[in-house]
1. Does Lys134 qualify as being open to solvent by 30 Å² or more (accessible area, probe 1.4 Å), touching a residue at least 60 places away in the same chain (Cβ under 8 Å) and over 30 Å from Thr13 (Cα atoms)?
2. Based on what the data block shows, is Lys177 surrounded by fewer than 22 Cβ atoms within 10 Å (Cβ to Cβ) and at pLDDT 95 or above?
3. Taking into account only those residues within segment 76-88 that are part of a helix (DSSP H, G or I) and not aromatic (Phe, Trp, Tyr), which is farthest from Lys136 (Cα to Cα)?
4. So, of the residues in segment 33-54 that are closer than 14 Å to Ala143 by Cβ and open to solvent by 40 Å² or more (accessible area, probe 1.4 Å), which turns out to be modelled with the highest pLDDT?
5. Does Ser190 count as open to solvent by less than 20 Å² (accessible area, probe 1.4 Å) and modelled with pLDDT under 90?
6. Inside segment 55-68, can you point out the residues that are charged (D, E, K, R) and exposed (fewer than 14 other Cβ atoms within 10 Å of the Cβ)?
7. In this structure, does Leu125 turn out to be out of contact with any Leu (no Cβ under 7 Å at 6 or more places or on another chain), under 27 Å from Leu23 (Cβ atoms) and open to solvent by 80 Å² or more (accessible area, probe 1.4 Å)?
8. Can you confirm whether Glu73 is in a loop (DSSP other than H, G, I, E, B), more than 28 Å from Leu189 (Cβ to Cβ) and open to solvent by 90 Å² or more (accessible area, probe 1.4 Å)?
Amino acid sequence: MKELLIESKGIRTDQYFIPPFELREGELVILYLYGGGHFQGIKTELVNIFTGKIKNENVIVTKSLTHVDYFKESKFRSLFFPVRVEKYLKKRANLESEFIQKIYEIPWINKKTKLNELYWKSNRLLSLYATFSKTKYIVFELAGLGPVDAKENYNIVRNEIRKGGAAILIDWASDMKDDCDKFITLKWLSV
């Protein structure tokens, strides 16, 4: 049996319940939260649990995951001091990793490209590759991507963790329901 990384006996608040699940080496688990105004708050809470920032009495985290934190730049900085791909990678990535070269395989991206000039999809890929350059144990989301781009990012994660690693996708759509190891649906306790 593959190594157990996260064991959840169920996460319950006064508003919702996330049923029990396990995350093992090589698995991709989807936590389906539905869409709506609640998504960001619940997502942040779950990310903090799975990354080990906060403890939950019903969740045992043997190996903390790393959140794929997408880059956001202030309007002021983007106008006067924009961050470029090379600087971003120096701060957030392992420059010796093969994943760094993958971002440069995209024709319109080079070391001097400003992050504020990247398409949303390319910005997401940059963050994903930077995270993968350090670890293959991640928690991520696909918010803001269209169906085709979301599937592409999902497939990148799926293929990489098959080689070793694990991932939790916190999502508001059920598109990948049939292409994951476990699909866990949030249950509302109050309306």
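1. The answer is yes for Lys134.
2. No: the conditions fail for Lys177.
3. Residue satisfying both the conditions and the ranking: Leu79.
4. Of everything passing the filter in segment 33-54, Thr44 is modelled with the highest pLDDT.
5. The answer is no for Ser190.
6. Lys55, Glu57
7. Considered against the rule, which asks whether it is out of contact with any Leu (no Cβ under 7 Å at 6 or more places or on another chain), under 27 Å from Leu23 (Cβ atoms) and open to solvent by 80 Å² or more (accessible area, probe 1.4 Å), Leu125 comes out as no.
8. No, not satisfied.
The values are calculated or read from the model by the stated rules, or taken from the named source; none is laboratory data. This structure is a prediction, so every number in the text was calculated from the model and none was measured. All Cβ positions, glycine included, derive from the backbone under ideal geometry; neighbour counts span all protein chains shown. Note: areas computed on protein heavy atoms with side chains; ligands, DNA, RNA excluded. Shrake-Rupley method; radii C 1.70, N 1.55, O 1.52, S 1.80 Å.
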